[in-house]
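Input: a single structure, listed below in structure tokens.
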Amino acid sequence: MASLHILKGQNAGTRIPLDKPVLTIGREAKDCDLVVPNQAVSRVHAQIIQVNGQYFLEDLKSRNHTFLNNKQIEARQPLRDNDRIKICDTLFTFHSGKEGLPALPEDLRRTQLHDEEPDLPSTVQATLSRVPQQQLLEAQPADRLRALLEISSSLNSAVGQDALLDRIVDVLFQTFRQADRCFIILTDEATGHPVVRNFRHRRPAEDSPKFSKTIVRRCLDKMEAFLIEDAATDGKLSLAQSITDFKIRSVMIAPIGPPEGPAHGAIQLDTLDRGKRFSQDDLKLLTSVAHQASVAIDNSRMHADQARRDRVLRDMEIAEQVQRSFLPRQTPAVPGYEFYAHYKSAMTIGGDYYDFVELPDGKWAILLGDVAGKGVPAALLMAKLSAEARFHILTQPDPTAAFARINDFIIDAGLSDRFVTLAGAILDPVAHIVRLINGGHVTPMLYRAYTEELIDAIASDRTGFPLGVIPATTYEFVDVELAPGDTLLLFTDGVTDALNPQNKQFRLEGVRSAVCLESAVGEVGSSPARTGKRLIDAVRSHIAGRDQYDDIALVSLGRYDGPPSSGSITKVGLSTSDQAPLR
């Protein structure tokens, strides 16, 4: 059976069977078999007639005509397979449903696929491609040059895009007294669609922000300004529903954008009165105003972007200060022991953390952890972790139970994409024993002064899972005795994973080389602070020439034959300063 397929328009994709001798097409449902709801379509517009198995298209003296393969028909025309029928902005294809009938020739079909606009008379009075602003200024009479200078000064004084767009509309309404409506339309960065960002109507009672997409699309696609004497009678534009609905008459539109490159918006002025018209001089002036508006909008956007960056920077600085407050201000002062701590995030804030917690029985808990990830999400979890870890290490009699409770906290929080590696050391400064617990962290290292070697402080088979991975996980501990001169090192993988400009990692070999350097250069005695600082200096030398890859945190502690240490802590954040005075 023969049929019509709707290619473009309302109900696009629908198939209409031609199962009766005459199919009438038009706007009025009571008079037509196929209704096209467009005010530009005549009440009874056209018909398709079947005579002896052959189908014919006939226009019924419609106002905006009927087109077959982009040619206006004057009399009844026979239909062939794949013929295209255009009625205003609705496009159909005809299919005979019979094999063997001749189809539209391939070269003509190919042409029609890329050219759906019929060759109709147009009321476009003038077009103006984008030209240098200087050329436009030279074409303006003196009074309009003065107006442009006032416009430029006025636009440059506006602050914020909303205020700027209001100012542009004010200026346009003052300059073009015949305009009834003004649109400033900008392309949405997310969707690429034109969106009205500012609209004004001289008659508030008729306020309607709807615009003709047909006109705007033409301006943006061709990237040129143009002037239409009467859109309602323009052969190419009057077929659009929006032109009829909005009763648009004289229209003037100019693209907003740089002299080169795609336009990112348009300014449209139109009238709804037959007696009001824009002139070609008006179009030149509007194009100049659009250029001024483009510069002002770009400046406004840059100002807004800079303001956002400044706010983010201030917020990050505050976040860094808050994060610093979570970390100890100084190391413990324990007779016979020395401590050293270092923290430097890869970004302004990070996810590494350490803490010193004095326990009721005179022991000290040293915690050092690494939250998966970097930046704000990791820093937020680190802040919560530091509070939870301190609470559980103080309230649980066994540090392994404290680790299990912290693990449960992370699991219960539902942070499936976040986990924490955590190393803990409980120092008994009287018995000189350190109890070590490791939850998936880089293995703590122990420098033995007597043998001058660096060894794993806890075996890998005694290391538990990272916290937040496996529910109800149990953790083990090992006790390590500290002899005079021994140093315990806890550090995050930002040390071992540090990359040099050749993408070579520092690795544990770099740690061993830096720590054991003391014996190689013949230094006398051992110091936890000196050892920790030497390791950090070696990491800095390794990564010199490229940005820090990951957050770095380190704590070193050990027995030291000297006065009680007040400790030293390097600065938090992005500072490259080595030591920070205690506060």
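The values are calculated or read from the model by the stated rules, or taken from the named source; none is laboratory data. This is a predicted model, so every value here is computed, not measured. Cβ coordinates were reconstructed from backbone atoms using ideal geometry, including for glycine residues, and neighbour counts include every protein chain displayed. Ligands, DNA and RNA are stripped out before the accessible areas are found, and what is left, the full protein with its side chains, is counted by its heavy atoms. Shrake-Rupley method; radii C 1.70, N 1.55, O 1.52, S 1.80 Å.
Hey, could you check the range 164-187 for residues that are open to solvent by 10 Å² or more (accessible area, probe 1.4 Å) and part of a loop (DSSP other than H, G, I, E, B) and say which is farthest from Ser300 (Cα to Cα)?
If we take residues in the range 164-187 being open to solvent by 10 Å² or more (accessible area, probe 1.4 Å) and part of a loop (DSSP other than H, G, I, E, B), then Gln178 is farthest from Ser300 (Cα to Cα).
What are the residues in the range 429-460 that are surrounded by fewer than 20 Cβ atoms within 10 Å (Cβ to Cβ), among the hydrophobic types (A, V, I, L, M, F, W, C) and under 17 Å from Lys363 (Cβ atoms), if any?
Of everything in the range 429-460, those that are surrounded by fewer than 20 Cβ atoms within 10 Å (Cβ to Cβ), among the hydrophobic types (A, V, I, L, M, F, W, C) and under 17 Å from Lys363 (Cβ atoms) turn out to be Val430, Ala431, Ile433.
Considering each residue of the range 264-292, count those that are over 16 Å from Val169 (Cβ atoms), at pLDDT 80 or above and among the hydrophobic types (A, V, I, L, M, F, W, C), and give that number.
Of the residues in the range 264-292, 2 are over 16 Å from Val169 (Cβ atoms), at pLDDT 80 or above and among the hydrophobic types (A, V, I, L, M, F, W, C).
Return the pair list, or none, for Cβ contacts closer than 6 Å from residues in the range 529-558 that are free of Cβ contacts under 8 Å to residues at least 24 places away in the same chain to residues that are basic (Lys, Arg), at least 6 apart or on different chains.
Short answer, once both residue conditions are applied: none.
I'd like the residue in the range 258-304 that is charged (D, E, K, R) and part of a helix (DSSP H, G or I) and, out of all such residues, is farthest from Ile184 (Cα to Cα).
Looking only at the range 258-304, we keep the residues that are charged (D, E, K, R), and these are 260, 270, 273-274, 276-277, 281-282, 284, 298, 301.
So of that shortlist, the ones also part of a helix (DSSP H, G or I) come out as 281-282, 284, 298, 301.
Values: Asp281: 20, Asp282: 17, Lys284: 17, Asp298: 14, Arg301: 15 Å.
In this case the residue turns out to be Asp281.
More than 16 Å from Leu557 (Cα to Cα), small (Gly, Ala, Ser), surrounded by fewer than 18 Cβ atoms within 10 Å (Cβ to Cβ) and out of contact with any Phe, Trp or Tyr (no Cβ under 8 Å at 6 or more places or on another chain): does that describe Ala401? Break it down into steps so the answer makes sense when it comes.
Working: more than 16 Å from Leu557 (Cα to Cα): yes; small (Gly, Ala, Ser): yes; surrounded by fewer than 18 Cβ atoms within 10 Å (Cβ to Cβ): yes; out of contact with any Phe, Trp or Tyr (no Cβ under 8 Å at 6 or more places or on another chain): yes.
Yes: the conditions hold for Ala401.
Would a scan of the range 293-313 turn up a residue that is open to solvent by 30 Å² or more (accessible area, probe 1.4 Å), within 30 Å of Gly369 (Cα to Cα) and modelled with pLDDT under 80?
The answer is yes; a qualifying residue exists.
Of the residues Ile410, Ile366, Ile349, which is within 19 Å of Pro471 (Cα to Cα) and open to solvent by less than 40 Å² (accessible area, probe 1.4 Å)?
Ile410
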